[in-house]
Amino acid sequence: EAQVTQNPRYLITVTGKKLTVTCSQNMNHEYMSWYRQDPGLGLRQIYYSMNVEVTDKGDVPEGYKVSRKEKRNFPLILESPSPNQTSLYFCASSSGTSGTKPYNEQFFGPGTRLTVL
Amino acid sequence: GENVEQHPSTLSVQEGDSAVIKCTYSDSASNYFPWYKQELGKRPQLIIDIRSNVGEKKDQRIAVTLNKTAKHFSLHITETQPEDSAVYFCAASMDSWGKLQFGAGTQVVVTP
């Protein structure tokens, strides 16, 4: 089954304790992104990756790191989490190819609800 | 960069009525405009999209219109049903792959 997976789905942590949220896709998509969703603000892009070892900042990258060592994985790293990073996080991937299907349809993971105390 | 504004933030409709959500974008280079639906506790999923060379697109009860001159696009849902209750996000993109700028979302509530 084609899918994007994220782990963990729920996480409660404390300020300053490093954490990693994993994201994996099995669709051989080149492009992957991380978003955070906050009430009234919609989905805001944190980082994106166009291919292995190619990443760039989105709209709200402060306090986050990413890496893309393999095509299928795109982990999100919070080196020193703070309470303002409490949010719902989504990973997404897209193929970037044209044709009959939407060429940049984002396939979202199930989300990770993070609480930083 | 691109800025997308979405209105209204909440929309209550009676079952069977129509719902319209409007979005405006700032960058005339944007050429792809998808709409995502997010049901409670679920992930966003694409429901319809339109590219800049098309003015209107329909898929059963949903339709999207695009006015490039005015830089706005709209989602129309006809004959609304309770299962249409969700948060709807518009987005705009000028890339060929997936750097989307999302609107803030519209909570649609369809009452029986």
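FYI, it's all coordinate maths here, none of it is from the lab. The shown structure was predicted, so the numbers you read here are calculated from the model rather than taken from an experiment. So basically every Cβ, Gly included, is an ideal-geometry build from the backbone, and we count neighbours across all protein chains shown.
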Which distance in Å, rounded to a whole number, links the C-alpha centroids of the range B:65-84 and the range B:4-31? 6
Using Cα-Cα distances under 8 Å and only pairs 6 or more residues apart, what relative contact order does chain B have, in percent? 37
Taking Rh as the Kirkwood radius computed over C-alpha pairs, what is the Stokes-Einstein D of chain A at 4 °C in a medium of viscosity 1.567 mPa s, expressed in µm² per second? 91
The relative contact order of the range B:52-112, taking Cα pairs under 8 Å that sit 6 or more residues apart, comes to a percentage of 25
Compare A:55, A:15, A:86 in a GNM of chain A, Cα atoms joined below 10 Å, and give the one with the largest fluctuation. A:15
What is the diffusion coefficient of the range B:1-107 in µm²/s, taking the Kirkwood radius over Cα pairs and the Stokes-Einstein relation at 37 °C with a viscosity of 0.692 mPa s? 238
Using the crude model of +1 on Lys and Arg Cβ and -1 on Asp and Glu Cβ, and no other charge, please compute the dipole size for the protein assembly as shown relative to its Cα centre, in debye to 20. 560
Which residues make up the longest stretch of chain A clear of trypsin sites (Lys or Arg not before Pro) that lie in a DSSP loop with no more than 14 other Cβ atoms within 10 Å, not counting the sites? A:19-68
Return the lysines within reach of residue A:17: Cα separation strictly under 16 angstrom, same-chain partners fewer than 8 residues apart disregarded; answer none if there are no such residues. A:65
Where nothing but the Cβ of Lys and Arg (+1) and of Asp and Glu (-1) is charged, how large is the charge dipole of chain B around its Cα centre, in debye to the nearest 20? 280
Among B:52, A:49, A:80, which comes first, second and so on when ranked by fewest other beta-carbon atoms within 10 Å? A:80, B:52, A:49
Cβ-based charge dipole, chain B, positive-most Cα from B:109, B:31, B:72: B:31
Taking every pair of alpha-carbon atoms in the protein assembly as shown, give the share separated by more than 22 Å as a whole percent. 51
To the nearest 20 Debye, how big is the dipole of chain A about its Cα centre, given +1 on the beta carbon of each Lys and Arg and -1 on that of each Asp and Glu? 260
Near residue B:22, which lysines are there with a Cα under 27 Å away, not counting those fewer than 8 places off in the same chain? A:101, B:37, B:42, B:57, B:58, B:68, B:71, B:99
Longest segment of chain B lacking GluC sites (Glu not before Pro) that sit in a DSSP loop with at most 15 other Cβ atoms within 10 Å: B:40-78
Three-way shape call for the range B:16-70 based on the alpha-carbon gyration tensor, with the a/c threshold at 1.5: prolate
Between residue B:31 and residue A:14, with labels modelled 7 Å along Cα→Cβ, what's the label distance in nm to one decimal, could you check? 5.2
